[in-house]
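The values are calculated or read from the model by the stated rules, or taken from the named source; none is laboratory data. Predicted model, so just to flag it, every value in this text is computed and none were measured. Neighbour counts run over all protein chains shown; Cβ positions are idealised from the backbone, glycine included.
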């Protein structure tokens with residue numbers, strides 16, 4: 001590799017790629033769910049709901065169930081097949097937020 005050749009630190013992900021992964025790949029879906037959960041405010045985490053519009057976090061309709069699943073996964077390191085079916089259905093809508101999270105870390 002010469003001095004002019006550089007590799008990106010992390011690959012750029014497209015919204016379509018992330019949506020596909022979040023709807024079918026357990027590891028991607030859980031990791032994405034936990035990443036969004038970490039951006040919930042402490043108050044939101046405590047009451048499993050959305051309180052603030054801070055640009056990253058679960059929607060009002062998803063906040064309770066995805067917060068509960070996030071806490072459950074962090075405690076037990078597992079989700080049931082029924083829980084995963086819900087995660088696969090709900091997580092693709094968060095692809096844009098996850099792209100912003102990824103870009104912040106680069």
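Restricting attention to the range 54-66, and to residues there that are within 14 Å of the chain's Cα centre (by Cα) and more than 12 Å from residue 91 (Cα to Cα), which single residue is surrounded by the most Cβ atoms within 10 Å (Cβ to Cβ)?
Selected residue: 56.
Once the range 27-44 is narrowed to residues that are surrounded by fewer than 16 Cβ atoms within 10 Å (Cβ to Cβ) and over 11 Å from the mean Cα position of the chain (by Cα), the residue that is modelled with the highest pLDDT is 42. Checked against the criteria, residue 51 counts as farther than 21 Å from residue 19 by Cβ, surrounded by fewer than 17 Cβ atoms within 10 Å (Cβ to Cβ), in contact with a helix residue (DSSP H, G or I) (Cβ under 6 Å, 6 or more places away or on another chain) and modelled with pLDDT under 90. Can you name the residue in the range 67-77 that is buried (at least 19 other Cβ atoms within 10 Å of the Cβ) and farther than 21 Å from residue 105 by Cβ and, of all such residues, is modelled with the highest pLDDT? Once the filter is applied, the top-ranked residue is 69.
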